[in-house]
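The values are calculated or read from the model by the stated rules, or taken from the named source; none is laboratory data. Because the structure is predicted, anything quoted here is derived from the model rather than measured. A quick note on method: Cβ atoms are made from the backbone with ideal geometry, for glycine too, and the neighbour counts reach across all protein chains shown. In case anyone asks, the SASA skips ligands and DNA or RNA and just uses the protein heavy atoms, side chains included. Shrake-Rupley method; radii C 1.70, N 1.55, O 1.52, S 1.80 Å.
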Amino acid sequence: MRWAIAVHGGAGVPPSLPPEKRLPREAGLRHCLDVGIAALQARNHPLDVVELVVRELENHPYFNAGRGSVLTSRGTIEMEASIMDGKTMKCGAVSGLSTVVNPVSLARLVMEKTPHIYLAFDGAEAFAREQGVETVEMSHFITPGNIERLKQAQEAGRVQIDHTQPDDAVADGDGRIGTVGCVAVDNEGNLAAATSTGGMVNKMVGRIGDTPVIGAGTYANHLCAVSATGIGEAIIRGTVARDVAALMEFKGISLEEVAAYVMDRVPPDTTGLIAVSSTGEVAMPFNTPGMFRACATEDGYSEIAIWDSPSK
């Protein structure tokens with residue numbers, strides 16, 4: 001067995017991005033990948049690794065999670081996250097957060113400190129205060145850039161991903177979600193997955209996507225760990241993350257084959273995912289123009305890419 005890690009910063013990337021939008025995200029992916037590699041090399045448990053990496057992504061202002069979360073139709077913040085341990089299959093999820101600095105860590109506390117899996121809105125916020133996690137005023141997340149993105153989306157009458165312009169949104173008015181996630185496996189085959197997002201620009205208040213839905217946006221068992229990104233409604237309908245694990249479990253085929261099969265089943269231009277297997281395989285397929293992604297394995301392979309040509 002060998003360790004492996006994969007990180008994503010969201011699917012639905014348009015065919016090109018100006019340097020001021022592309023370069024900070026590439027640098028962020030590289031930094032977060034290095035953080036994860038160091039943690040795995042230090043023999044930290046994958047659950048700790050994915051939480052650590054996703055926290056870094058949440059703290060990065062150029063990704064749509066945590067600090068970089070986009071705004072709802074009312075100009076408010078509603079963040080969501082989940083985390084899952086493959087060996088125990090314990091998991092935690094949160095939605096509707098407006099003051100929690102690192103939603104992924106609150107999701108882990110739900111997993112470890114409550115008899116439940118999923119807490120949302122006022123109940124999740126109250127639990128955060130009880131647990132003493134770091135919180136801030138909602139205004140911390142409301143930046144001039146996000147206000148402008150919301151204005152553009154509302155003028156276009158669309159729901160869209162954080163870094164697209166209105167003309168980049170899909171024609172039927174649906175949008176693409178910018179999500180962050182991490183999956184990891186250690187030398188003993190322990191697996192974990194975590195995902196976090198701010199949702200979609202101009203989404204309805206109260207809308208919940210795939211990110212906190214176990215089996216849709218996040219899943220891990222003894223065979224693989226998966227984090228999905230894209231249009232949440234399509235990912236929920238397709239139970240994308242669970243399907244990857246189920247096909248490996250019941251059909252006994254490789255992670256790469258399974259990931260490709262699952263991607264063929266979802267509507268075009270809706271979905272991307274990252275996954276690692278218990279033996280250190282990595283898969284990062286997507287059917288959108290691009291997906292912010294990075295991975296590394298113990299044998300020295302690494303990749304950071306947005307479109308089809310990776311930089312190693």
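Observations on the structure shown:
Condition check ((1) open to solvent by less than 30 Å² (accessible area, probe 1.4 Å); (2) modelled with pLDDT of 95 or more) across all residues:
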{"residue": "ILE208", "(1), (2)": "no, yes"}
{"residue": "THR211", "(1), (2)": "yes, yes"}
{"residue": "GLU249", "(1), (2)": "no, yes"}
{"residue": "TYR261", "(1), (2)": "no, yes"}
{"residue": "GLY272", "(1), (2)": "yes, yes"}
{"residue": "ALA275", "(1), (2)": "yes, yes"}
{"residue": "ALA283", "(1), (2)": "yes, yes"}
{"residue": "GLY290", "(1), (2)": "yes, no"}
{"residue": "ASP308", "(1), (2)": "no, no"}
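- Which numbered condition VAL13 misses (of (1) under 16 Å from the mean Cα position of the chain (by Cα); (2) open to solvent by 10 Å² or more (accessible area, probe 1.4 Å)): (2)
- Counting only strands (runs of 3 or more DSSP E) that sit wholly inside segment 88-187, those with at least 2 residues that are open to solvent by 20 Å² or more (accessible area, probe 1.4 Å) and modelled with pLDDT of 95 or more are 118-120.
- Complete set of residues in segment 243-301 that are in a strand (DSSP E or B) and closer than 22 Å to GLY232 by Cα: THR271, GLY272, LEU273, ILE274, ALA275, VAL276, ALA283, PHE286, MET291, PHE292, ARG293, ALA294
One line per residue, one yes/no per condition, for (1) open to solvent by less than 60 Å² (accessible area, probe 1.4 Å); (2) in contact with a His (Cβ under 8 Å, 6 or more places away or on another chain); (3) at pLDDT 95 or above; (4) under 26 Å from ARG129 (Cα atoms):
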| site | (1), (2), (3), (4) |
| --- | --- |
| GLU20 | no, no, no, no |
| VAL35 | yes, no, yes, no |
| ALA39 | yes, no, yes, no |
| HIS45 | no, no, yes, no |
| ARG55 | no, no, yes, yes |
| VAL70 | yes, no, no, yes |
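- Scanning segment 10-37 for residues that are within 22 Å of SER277 (Cβ to Cβ) and of a type in the set (Gly, Ala, Ser) gives ALA11, GLY36.
- Condition met for TYR62 (crowded, with 17+ Cβ neighbours inside 10 Å and either farther than 23 Å from GLU26 by Cα or in contact with a strand residue (DSSP E or B) (Cβ under 7 Å, 6 or more places away or on another chain) (or both)): no
- Qualifying residue in segment 224-243 (condition: at pLDDT 95 or above, open to solvent by 30 Å² or more (accessible area, probe 1.4 Å) and more than 19 Å from the chain's Cα centre (by Cα)): no
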